[in-house]
Every structure is written in C-alpha cells, then in structure tokens.
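Structure, as structure tokens:
The values are calculated or read from the model by the stated rules, or taken from the named source; none is laboratory data. Since the structure is predicted, the reported quantities are computational estimates derived from the model, not experimental observations. Don't worry about glycine lacking a Cβ; one is built from the backbone with ideal geometry, like all the others, and counts go over all protein chains shown. SASA here: full protein model, heavy atoms, side chains in, ligands and nucleic acids out. Shrake-Rupley method; radii C 1.70, N 1.55, O 1.52, S 1.80 Å.
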Amino acid sequence: MKEKIIGVIPARYASTRFPGKPLADINGKPMIQRVYEQTLKAESLCGVIVATDDERICRCVEDFGGRAVMTASELPNGTARCEAAVRDIEGIDAVINIQGDEPLLDPLMIDEVSELLRNDECVTLCRKMSGNFDNPNAVKVVMTLDGYALYFSRSLIPYKRSKSDLPIYEHIGIYGYSYGFLKKYVSLPSTPLSDAESLEQLKILEHGYRMRVKVTDSRHESIGVDTPEDLERVKEILNA
C-alpha cells in the first residue's frame, strides 16, 4: 500500500528580508503558485497544502485552485506550521516541508525525500557548492561517513586549514518527517544553537536525534529567493 505523504509549503507574509515574497510576481504568477505547481509534479505525494498565517496568501492560493490552511502567526518556524496544517488530517504517514521561496524546485527532490523516509524518520537533502561560501543565506552542512548530519551553519564549515579537496555542501531546505517524529519535534523545547543560527533543524541535533542527509541526484538549478535580487535571477533563468 502506498504511504500517505503530504507536502506542506509554509508561507509567511512578514519576511524580515523580503516582506510579501510569497506573492511576488514571477513572470505573471505569484511565487507561491510556482512553488505549488512544481510540488504537484512530485509522484510520491497524495496532497499539497500551503500553511500560512496571512489571509492575502490564503486567498491567492485559493484563487489559483490550490489548498491553503490558516495557522497561528505566533508559531516559531515552518515545521511547526506544517504540523499545525495537517493536525486534523487522518491517516498521515509522513509530511514533507517544502520551502515556499523555491520557485525552481525540482520535483525529483521531493521524491528523493519520500524515498529516504522508508528508512529514517527525519531526512533532508544537500548539494555540493562551487562558491559563494561566505553567504549566510546559503546554509552549510557537514555529515558523518554514513550520511547523517553533524551540524548545519550559516558560516563556512568545514574550515580547511590544510589544502584539501574536501567538498563543501549546501543544505537544501526541504525536510521529510514521519508523522510521529513531526509531532515529537513540535513538543521539543527550543535550543541555544538553533536560536543563535536561526536554523530550525539544529533543534533536532541538539536534542540528540539523527537527521539523514542525502546529496541530491538532481542537476536542476534551484534558487532560494531571500532577496529581491534573487527574484530577478529566477526571472532571468525562466526567461532564458
């Protein structure tokens, strides 16, 4: 029997760096619609929901035929918003948290995360970086030899003190959780490193749980839109 996996796209209007970005126009469509349409192409999902705390985003999603759920504005992060959005849905096996600012998202990544959930209750993806190492918006990850996260940081990790071909990996902000682990996550208290780096996934590591990290097989360029400049880059890629 196919597992019941729900894709949830958290979307806040009040972004510090780019207010209103889920509604930002990208060649005739709001960004949240482009993310939603890419998510629908994943083969492993049985449904897609936008979880938002803003009525403007909710109306936008409903206007293009999507499904949106209103969630409390005081929730601390996107994963907590995901849990609130699916709380009343019965029979869920797993939830995939999909970033609402990835309009070029490759649906293959969602299916990769779904496959990882067959063996682990908490999973994510990464890719090799070729530059831009000092950008704090590009979150770096280091892993154990068997593919579990050791640490995530906005700083460069590892620091190569000696000459080395060791690759630098950028975290891709898509998370998969078994439904049981998702419930556990939201019950855990906040943690110092997670608060300091403003990275919700660090709470998992600080409480002693493991997160599986896979280097994605996707060769598709995906750009997280953190600033208006990032938005212009996305438009240029689509135009090309």
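Here region 68-170 is described by how far its Cα atoms reach on the three principal axes: 53, 31, 25 Å, from widest to narrowest.
Near L150, once Lys and Arg are set to +1 and Asp and Glu to -1 for all other residues with Cβ below 13 Å from its Cβ, the sum equals +1.
Out of the DSSP beta bridges found with both residues in region 81-240, what percent are antiparallel (nearest 5)? The answer is about 85 percent antiparallel.
Dipole size of region 11-154 about its Cα centre, with +1 on Lys/Arg Cβ and -1 on Asp/Glu Cβ: approximately 580 debye, rounded to the nearest 20. Accessible surface calculations at 1.4 Å, restricted to protein heavy atoms, place region 3-106 at 42 Å² per residue. Its DSSP H runs of at least 4 residues, each contributing -39,500 (n - 2.57), put the calculated 222 nm mean residue ellipticity of the chain at -8000 deg cm²/dmol, to the nearest 500.
What's the local net charge at V35, with K and R +1, D and E -1, over the other residues with C-beta under 13 Å away? Write out the running numbers ahead of the final one.
Details: positive: K21, K29, R34, K41; negative: E37, D101, E102, D106.
Once all neighbours under 13 Å are counted, the net charge is 0.
Cα gyration tensor of region 139-210, axes a ≥ b ≥ c as square roots of the eigenvalues: rounded (a/c below 1.5), prolate (a/b > b/c) or oblate? Each step should come with its number before you reach the end.
On the way: a/c = 2.48, a/b = 1.82, b/c = 1.36.
Note, shape of region 139-210 comes out prolate.
Using C-alpha pairs under 8 Å with a sequence gap of at least 6, the mean separation divided by the residue count of region 22-128 gives a relative contact order of 30 percent.
Accessible area per residue was computed with a 1.4 Å probe on protein heavy atoms; R59 scores about 120 Å². Shape call for region 1-50 from the C-alpha gyration tensor, a ≥ b ≥ c root eigenvalues: rounded (a/c under 1.5), prolate (a/b greater than b/c) or oblate? Note, shape of region 1-50 comes out oblate.
Between the residues P136, N97, N77, the greatest Cα displacement towards the positive end of the dipole of the chain, with unit charges on the Cβ of Lys, Arg, Asp and Glu, is found for P136.
Over the chain, what is the mean sequence separation of C-alpha contacts under 8 Å (at least six apart), divided by residue count, expressed as relative contact order in percent? Relative contact order of the chain: 22 percent. As a fraction of the 1.4 Å probe accessible area of region 26-149, surface on carbon and sulfur atoms comes out at 43 percent. Rounded if a/c is under 1.5, else prolate if a/b beats b/c, else oblate: with a ≥ b ≥ c from the C-alpha gyration tensor eigenvalues square-rooted, which is region 120-165? Oblate. The charge dipole of region 100-173, taken about the Cα centre with unit charges on the Cβ atoms of Lys, Arg (+1) and Asp, Glu (-1), comes to about 600 debye, rounded to the nearest 20. Taking the chain as a Gaussian network of alpha-carbon nodes connected by springs under 10 Å, the highest mean-square fluctuation of the residues P107, P189, P158 belongs to P189. Note on region 4-153: antiparallel DSSP beta bridges, both residues inside, total approximately 30 percent of the bridges counted.
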